[in-house]
């Protein structure tokens, strides 16, 4: 699994109204509807932090063959080391 912060926090132009954009790439999302993946991530994140988090769930295939927003995330995002 891989995780990236992207958007204003990654680019360094965030402000007090900015949310934290988070992309998670995992095989766990392979057979999951994208909206369900986002709901799953939000539910998990709210257990640990009270922040304005905007997660997006992607599959490993999205990471391996990036298109569109995934290309931008991989080029400008900051990878988080997760275990």
Out of 42, 67, 53, a Gaussian network model of the chain with alpha-carbon springs under 10 Å gives the largest mean-square fluctuation to 67
Among 16, 36, 71, which one moves the most in a GNM of the chain with springs linking Cα atoms closer than 10 Å? 16
With a bin width of 10 angstrom, please list the P(r) values of region 2-80 as percents of all Cα-Cα pairs, from the 0 bin to the one holding the largest distance. 19, 51, 27, 2
When the distances between all Cα atoms of region 37-83 are binned every 5 Å from zero, what whole-number percent does each bin get? 5, 17, 21, 29, 17, 9, 1
What residue among 57, 45, 23 shows peak mean-square fluctuation when the chain is described by a Gaussian network model with Cα springs under 10 Å? 45
Debye-sum result for region 1-46 in log10 I(q)/I(0), which assumes one identical scatterer on each alpha carbon, at q = 0.13, 0.24, 0.30 Å⁻¹: -0.35, -0.92, -1.10
Length-normalised contact order of region 2-80, Cα under 8 Å, at least 6 apart, in percent, tallies to 44 percent
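No lab work stands behind these numbers, since they all come straight from the coordinates. Nothing here was measured: the structure is a model prediction, and the numbers come from that model.
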